[in-house]
Amino acid sequence: MSRDSRLSGVLHVLLHMAEHRGPVTSEALARVMRTNPVVIRRVMAGLRQQGYVQSGKGHGGGWTIARDLATITLRDIYEGIGSPPLFAIGNRSNHPDCAVEQAVNGALGASLDEAERQLLASFGTVTLADLSTHFHDRLAQHVPGACPEPDHHG
(Lines give C-alpha, C1' and ligand atoms only; values in the text may rest on other atoms or scores of the structure.)
Protein backbone atom coordinates (compact mmCIF):
# COMPACT_ATOMS: atom_id res chain seq x y z
CA MET A 1 0.00 0.00 0.00
CA SER A 2 1.44 3.36 -0.98
CA ARG A 3 1.36 6.30 1.36
CA ASP A 4 0.11 9.77 0.53
CA SER A 5 3.21 11.97 0.57
CA ARG A 6 1.57 15.23 -0.52
CA LEU A 7 2.01 16.91 2.87
CA SER A 8 5.65 15.94 3.07
CA GLY A 9 6.21 17.05 -0.52
CA VAL A 10 4.56 20.45 -0.17
CA LEU A 11 6.44 21.12 3.08
CA HIS A 12 9.64 20.29 1.21
CA VAL A 13 8.68 22.72 -1.57
CA LEU A 14 7.83 25.48 0.93
CA LEU A 15 11.17 25.13 2.71
CA HIS A 16 12.99 25.37 -0.63
CA MET A 17 10.97 28.49 -1.40
CA ALA A 18 11.88 29.96 1.98
CA GLU A 19 15.56 29.69 1.04
CA HIS A 20 15.08 31.90 -2.03
CA ARG A 21 14.94 35.68 -1.81
CA GLY A 22 12.50 36.04 -4.68
CA PRO A 23 9.83 34.18 -6.61
CA VAL A 24 10.48 30.56 -7.59
CA THR A 25 8.95 29.18 -10.78
CA SER A 26 6.90 26.02 -10.92
CA GLU A 27 9.53 24.63 -13.27
CA ALA A 28 12.35 25.19 -10.76
CA LEU A 29 10.33 23.64 -7.93
CA ALA A 30 9.41 20.70 -10.16
CA ARG A 31 13.11 20.06 -10.89
CA VAL A 32 13.88 20.04 -7.17
CA MET A 33 10.99 17.67 -6.46
CA ARG A 34 11.55 15.58 -9.60
CA THR A 35 7.97 16.03 -10.74
CA ASN A 36 5.98 17.88 -13.36
CA PRO A 37 5.38 21.66 -13.02
CA VAL A 38 1.64 21.00 -13.40
CA VAL A 39 1.73 18.97 -10.16
CA ILE A 40 3.43 21.89 -8.38
CA ARG A 41 0.89 24.40 -9.72
CA ARG A 42 -2.04 22.19 -8.68
CA VAL A 43 -0.80 21.84 -5.11
CA MET A 44 0.22 25.48 -4.82
CA ALA A 45 -3.17 26.67 -6.09
CA GLY A 46 -4.85 25.32 -2.95
CA LEU A 47 -2.29 27.05 -0.76
CA ARG A 48 -2.74 30.29 -2.70
CA GLN A 49 -6.50 30.16 -2.05
CA GLN A 50 -5.76 29.90 1.67
CA GLY A 51 -3.35 32.87 1.53
CA TYR A 52 -0.15 30.95 2.35
CA VAL A 53 1.53 31.52 -1.02
CA GLN A 54 1.13 33.95 -3.88
CA SER A 55 2.14 33.84 -7.51
CA GLY A 56 3.24 36.30 -10.10
CA LYS A 57 3.16 35.89 -13.87
CA GLY A 58 5.60 36.87 -16.56
CA HIS A 59 9.31 37.58 -16.42
CA GLY A 60 10.48 37.47 -12.81
CA GLY A 61 7.27 35.77 -11.74
CA GLY A 62 6.81 32.64 -9.70
CA TRP A 63 5.71 31.48 -6.28
CA THR A 64 6.47 33.21 -2.99
CA ILE A 65 5.43 32.51 0.58
CA ALA A 66 2.81 35.12 1.48
CA ARG A 67 3.10 35.04 5.29
CA ASP A 68 5.76 34.85 7.94
CA LEU A 69 6.92 31.24 8.39
CA ALA A 70 6.20 31.47 12.12
CA THR A 71 2.49 32.01 11.40
CA ILE A 72 1.98 28.94 9.21
CA THR A 73 1.57 25.56 10.88
CA LEU A 74 1.75 22.05 9.49
CA ARG A 75 -1.98 21.85 10.16
CA ASP A 76 -2.56 24.94 8.02
CA ILE A 77 -0.71 23.33 5.13
CA TYR A 78 -2.42 19.97 5.69
CA GLU A 79 -5.80 21.69 5.44
CA GLY A 80 -4.58 23.81 2.51
CA ILE A 81 -3.89 20.69 0.45
CA GLY A 82 -7.39 19.36 1.10
CA SER A 83 -6.96 17.39 4.36
CA PRO A 84 -6.02 14.04 2.81
CA PRO A 85 -6.77 10.92 4.88
CA LEU A 86 -4.27 10.53 7.69
CA PHE A 87 -4.59 6.77 8.09
CA ALA A 88 -4.69 3.89 5.67
CA ILE A 89 -6.98 1.84 7.91
CA GLY A 90 -10.68 2.34 8.32
CA ASN A 91 -13.99 0.67 9.06
CA ARG A 92 -15.90 -1.81 6.94
CA SER A 93 -19.37 -0.77 5.94
CA ASN A 94 -20.54 -3.80 3.98
CA HIS A 95 -23.25 -4.77 6.51
CA PRO A 96 -24.24 -1.75 8.61
CA ASP A 97 -27.00 -3.76 10.37
CA CYS A 98 -24.53 -6.42 11.58
CA ALA A 99 -23.96 -6.20 15.33
CA VAL A 100 -20.38 -7.49 15.00
CA GLU A 101 -19.55 -4.86 12.39
CA GLN A 102 -21.13 -2.18 14.58
CA ALA A 103 -19.06 -3.27 17.60
CA VAL A 104 -15.83 -3.38 15.61
CA ASN A 105 -16.52 -0.07 13.88
CA GLY A 106 -17.39 1.57 17.19
CA ALA A 107 -14.10 0.54 18.77
CA LEU A 108 -11.96 1.30 15.75
CA GLY A 109 -13.77 4.53 14.99
CA ALA A 110 -13.27 5.92 18.47
CA SER A 111 -9.57 5.04 18.46
CA LEU A 112 -8.98 6.44 14.98
CA ASP A 113 -10.86 9.64 15.81
CA GLU A 114 -8.72 10.14 18.92
CA ALA A 115 -5.49 9.42 17.03
CA GLU A 116 -6.48 11.89 14.31
CA ARG A 117 -7.39 14.53 16.90
CA GLN A 118 -3.99 14.16 18.59
CA LEU A 119 -2.07 14.18 15.31
CA LEU A 120 -3.83 17.30 14.05
CA ALA A 121 -3.26 19.01 17.39
CA SER A 122 0.43 18.16 17.07
CA PHE A 123 0.49 19.54 13.50
CA GLY A 124 -0.92 22.77 14.91
CA THR A 125 2.10 23.24 17.18
CA VAL A 126 4.78 23.02 14.48
CA THR A 127 5.39 25.99 12.20
CA LEU A 128 7.29 26.35 8.96
CA ALA A 129 9.75 28.47 10.95
CA ASP A 130 10.36 25.45 13.21
CA LEU A 131 11.05 23.25 10.17
CA SER A 132 13.36 25.88 8.72
CA THR A 133 15.27 26.06 12.00
CA HIS A 134 15.64 22.26 12.08
CA PHE A 135 16.86 22.32 8.48
CA HIS A 136 19.45 25.02 9.22
CA ASP A 137 20.59 23.17 12.35
CA ARG A 138 21.16 20.03 10.29
CA LEU A 139 22.93 22.01 7.60
CA ALA A 140 25.21 23.65 10.19
CA GLN A 141 26.08 20.22 11.59
CA HIS A 142 26.96 19.08 8.06
CA VAL A 143 24.58 16.17 8.31
CA PRO A 144 25.22 13.97 5.26
CA GLY A 145 22.27 13.85 2.92
CA ALA A 146 20.61 16.92 4.51
CA CYS A 147 19.08 17.63 1.11
CA PRO A 148 20.36 15.76 -1.93
CA GLU A 149 18.32 17.70 -4.47
CA PRO A 150 20.20 19.80 -7.02
CA ASP A 151 20.51 23.56 -6.67
CA HIS A 152 20.51 23.55 -2.91
CA HIS A 153 22.79 24.71 -0.12
CA GLY A 154 23.51 21.14 1.07
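The values are calculated or read from the model by the stated rules, or taken from the named source; none is laboratory data. Computed from a prediction, not measured in an experiment: that's the story for all the values here. All Cβ positions, even for glycine, are placed from backbone atoms using ideal geometry, and neighbour counts span all protein chains on display. The accessibility values were calculated without ligands, DNA or RNA, using every heavy atom of the protein model including side chains. Shrake-Rupley method; radii C 1.70, N 1.55, O 1.52, S 1.80 Å.
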Pop the C-beta distance of His59 and Ala140 into the FRET formula with R0 = 25 Å and round what comes out to the nearest 0.05. 0.10
Per residue accessible area of the chain, 1.4 Å probe, in Å²: 63
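Rounded to the nearest 500, what is the 222 nm mean residue ellipticity of the chain from helices alone, with -39500 (n - 2.57) per DSSP H run of 4+ residues and division by all residues?
On the way: 6 runs with 80 residues, N = 154.
Using -39500 (n - 2.57) per qualifying helix, the result is -16500 deg cm²/dmol.
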Each label sits 7 Å from Cα toward the beta-carbon; between Val38 and Asn94 the label points are separated, in nm, by 3.7
Applied in sequence order to region 31-46, the curve 6.51 cos²θ - 1.76 cosθ + 1.60 (Karplus, θ = phi - 60°) yields integer Hz couplings, x standing for Gly and Pro, of 4, 4, 8, 6, 9, 8, x, 4, 5, 4, 4, 5, 5, 5, 4, x
Quick one: which residues, 5 or more positions from Val53 or on another chain, have an amide H under 5 Å from its amide H? H modelled 1.01 Å from N in the peptide plane, none for Pro or chain starts. Arg48, Ala66
Which order do the peptides 117-125, 86-94 take when ranked by the mean count of other beta-carbon atoms within 10 Å per residue, highest first? 117-125, 86-94
Can you run phi through the Karplus equation (6.51, -1.76, 1.60; θ = phi - 60°) for region 7-21 and list ³J(HN,Hα) in whole Hz, with x for Gly and Pro? 4, 4, x, 5, 5, 4, 4, 5, 5, 4, 4, 5, 7, 9, 7
In whole percent, how big is the carbon plus sulfur part of the accessible area of the chain, probe 1.4 Å, protein atoms only? 53
Alpha carbon convex hull of the chain, volume per residue in cubic angstrom: 148
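Counting Lys and Arg as +1 and Asp and Glu as -1, each charge on the Cβ, what is the dipole of the chain about the Cα centre in debye, to the nearest 20? Walk me through the numbers on the way to the answer.
Numbers: 14 positive and 15 negative charges, 118 e Å.
Computed about the Cα centre, the dipole is about 560 debye.
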With θ taken as phi - 60° and the coefficients 6.51, -1.76 and 1.60, list the Karplus ³J(HN,Hα) couplings across region 80-96 in order, rounded to whole Hz; mark glycine and proline as x. x, 9, x, 6, x, x, 8, 10, 7, 9, x, 8, 7, 9, 6, 9, x
For region 79-138, how big is the tail of P(r) above 15 Å, as a whole percent of Cα pairs? 66
